[in-house]
Every structure is written in C-alpha cells, then in structure tokens.
Amino acid sequence: MIDDIIPELNDLQTLATVALVDDNLNTSQAVLRVIEQKIPRLIEILEELENG
C-alpha cells in the first residue's frame, strides 16, 4: 500500500512544479485540476493504511 503512495506523491510534486514554473495560466489551472483529482485517492490509501 505504501508503494502506491510514493509514486502518487512524486506525481503531485512534479505537477506542482509545472504549475508554478509555467507562465500560462491555463496550464496551471489544468495541472491544479489533475492534482485535485489525485488527492482523494491518496486520502483513500492513507485511510486504508490507518485502518489496517
């Protein structure tokens, strides 16, 4: 399960970097939408880990 979290966090870090570096507001908004979609999955994985 922890193996699922690390790639997701790496993806979020990469996406956040793209959003911050890119001068195009449309690109940044699109990246934020993708990040928004990934967060619930991370929460789900963490809850599963917490509950055993």
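Laboratory data are not the source of any read-out in this text; all were calculated from the coordinates shown. This one's a predicted model, so the numbers in the text were calculated from it and none came from an experiment.
Can you give me the relative contact order of the chain as a percent, contacts being Cα pairs under 8 Å and 6 or more apart? Present the calculation step by step, with values, prior to reporting the outcome.
Numbers: 25 pairs, mean separation 22.5, N = 52.
About 43 percent, as a whole number.
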Residue separation between residue 9 and residue 43 times 0.36 nm, minus their alpha-carbon distance, gives in nm 11.1 nm
For the chain, longest principal axis from Cα atoms; helix 2-21 axis from its Cα atoms; angle between them, nearest 10 degrees, is 10
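Grab the DSSP H runs of the chain that are 4 residues or longer, score each as -39,500 (n - 2.57), total them, divide by all residues and round the 222 nm result to the nearest 500 deg cm²/dmol. Don't skip to the answer; put the middle values down first.
Values: 2 runs with 47 residues, N = 52.
It lands at -32000 deg cm²/dmol.
Would the chain count as rounded, prolate or oblate if I go by the C-alpha gyration tensor, calling it rounded below 1.5 in a/c and otherwise prolate when a/b exceeds b/c, oblate otherwise?
Details: a/c = 4.95, a/b = 2.51, b/c = 1.97.
Cα axes put the chain in the prolate bin.
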